[in-house]
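Down below is the structure, laid out as structure tokens.
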Amino acid sequence: MLTGTAGLLRLLGGGDSRGTAVVVDLAEVPYAENPLFRQSIVRLLDNFAAQFQPEVVDVGRFTQIFLFEDTNAHPFISKLRAVAAEFADQHMGAPRFSIHHLPNDAGRLTALLKRVAPAAVEEAPPTLSAAEQQQLAGVHKLAVYEQVLAGADVSALVRESPVWRRGQNGRWALEFAEVTVALDHLERAVGTPLRRDPWLLQQITPVLDRRVIRHFQHEPSRLATPHSLNLQWRSVLGPVFLEFVRDLTYDQRRNLVVEISAIDADLTADGLADAVDTLRLWDCRVAIDHLSLRHSESGYLPLPALDYLKLDIGGLPLDADGAAPPLPHWMVEFGADRIVAIHPRSNEALRACLGLGLLLVEQREKPVP
């Protein structure tokens with residue numbers, strides 16, 4: 001057994017090294033500068049490598065060396081290449097790695113170790129506070145979700161939620177269908193709660209955005225009819241969405257409705273304006289999701305550039321006559337016929353929505369005329 005970097009240097013200097021050394025550098029992995037996140041990645045790598053039984057040497061904050069003396073290193077190297085390819089597919093900095101065949105590459109590996117040796121001073125393991133331990137647990141959960149999503153068939157997790165429009169004859173017709181990831185199914189697949197952990201949900205949402213966009217890329221027939229998908233404003237401005245939308249036909253882009261949540265903690269006026277401008281540039285339609293009757297002012301919503309507002313009417317208070325509170329003035333000016341009532345829970349709630357002038361309803365079953 002080696003004793004850290006110093007032991008490996010002695011082995012190399014004595015000419016007794018045999019096998020293959022794989023050097024993994026995490027410096028360019030996103031959030032690698034965060035020690036809690038880095039610990040999580042290192043733990044995943046160690047668990048992943050354990051099946052091949054290498055000697056593992058920690059070198060500094062970002063580097064590990066996996067030394068294979070008697071076992072074949074090729075399966076581990078192939079897995080690392082697959083991991084790097086997955087990172088690249090998500091347009092993220094990937095773990096870098098180099099391969100050293102010993103003893104022929106002993107000199108090259110020794111030189112590398114000496115360059116990073118000053119950062120390889122062994123320290124006592126830090127003591128984590130309760131808050132830090134909780135944060136680390138959240139990072140571990142995030143890593144599990146990312147690992148599952150990396151290999152998951154997202155088409156098995158997506159669900160369609162129809163939006164119906166009421167015509168002048170009282171009959172309902174399909175306006176568009178919202179495509180979302182069924183979070184309850186995802187939670188069961190992973191075995192870790194997601195919706196009750198706001199931090200975890202916020203961290204995993206960009207990953208879900210990218211996977212749903214990829215789903216649309218792989219199933220372009222969805223856009224033969226109008227469909228919507230929920231995206232963070234940052235995802236609209238990201239390379240994955242731009243790669244997707246530029247390959248669509250004009251008719252497919254017009255059939256794409258992008259919903260941006262009004263309750264996104266990171267939403268800003270400038271960010272929303274940039275996202276809406278981008279969607280308009282590509283001929284897509286735009287909806288603002290998760291509004292409520294409590295939004296008495298429109299704030300910085302660019303109303304002239306929007307096609308739909310989606311109104312969460314869960315727990316809608318009704319008076320003795322079954323009427324709902326009036327729409328805020330700015331929603332009336334926007335146009336009640338372009339506001340979607342999200343999931344009326346009863347016929348009374350549906351009638352109250354109609355009483356407000358709302359003609360669009362999102363619910364699984366087609367409303368009865």
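What follows is calculated from the coordinates using simple rules that are stated; it is not laboratory data. Values in this document were obtained by computation on a predicted structure and should not be read as measured data. Backbone-built Cβ (ideal geometry, glycine too); neighbour counts: all protein chains shown.
See the values below:
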{"item": "Antiparallel DSSP beta bridges within the stretch 153-362, as percent of all bridges there, nearest 5", "result": "35 percent"}
{"item": "Volume in Å³ per residue [convex hull over Cα atoms, computed for the stretch 153-362]", "result": "135 Å³"}
{"item": "Gain upon complete extension [ALA27, TYR250; 0.36 nm per residue less C-alpha separation]", "result": "76.1 nm"}
{"item": "Separation in nanometres of the label points that stand 7 Å from Cα toward Cβ, at ARG115 and ARG81", "result": "2.3 nm"}
{"item": "Additional length obtainable on full extension of the chain from ARG294 to VAL56, 0.36 nm per residue less Cα span", "result": "80.0 nm"}
{"item": "Length added when fully stretched, ALA182-GLN217, from 0.36 nm per residue minus Cα-Cα", "result": "10.7 nm"}
{"item": "Table column - 3J(HN,Hα) (Hz), the stretch 100-113, Karplus curve with 6.51, -1.76, 1.60, x for Gly and Pro", "result": "10, 8, 9, x, 4, 9, 4, x, 5, 5, 4, 5, 5, 4"}
{"item": "Within the stretch 319-343: backbone nitrogen closer than 11 Å to the LEU303 label point (7 Å, Cα to C-beta)", "result": "328-336"}
{"item": "Ranked by how many other beta carbons lie within 10 Å on average, peptides 345-351, 256-262 from highest", "result": "256-262, 345-351"}
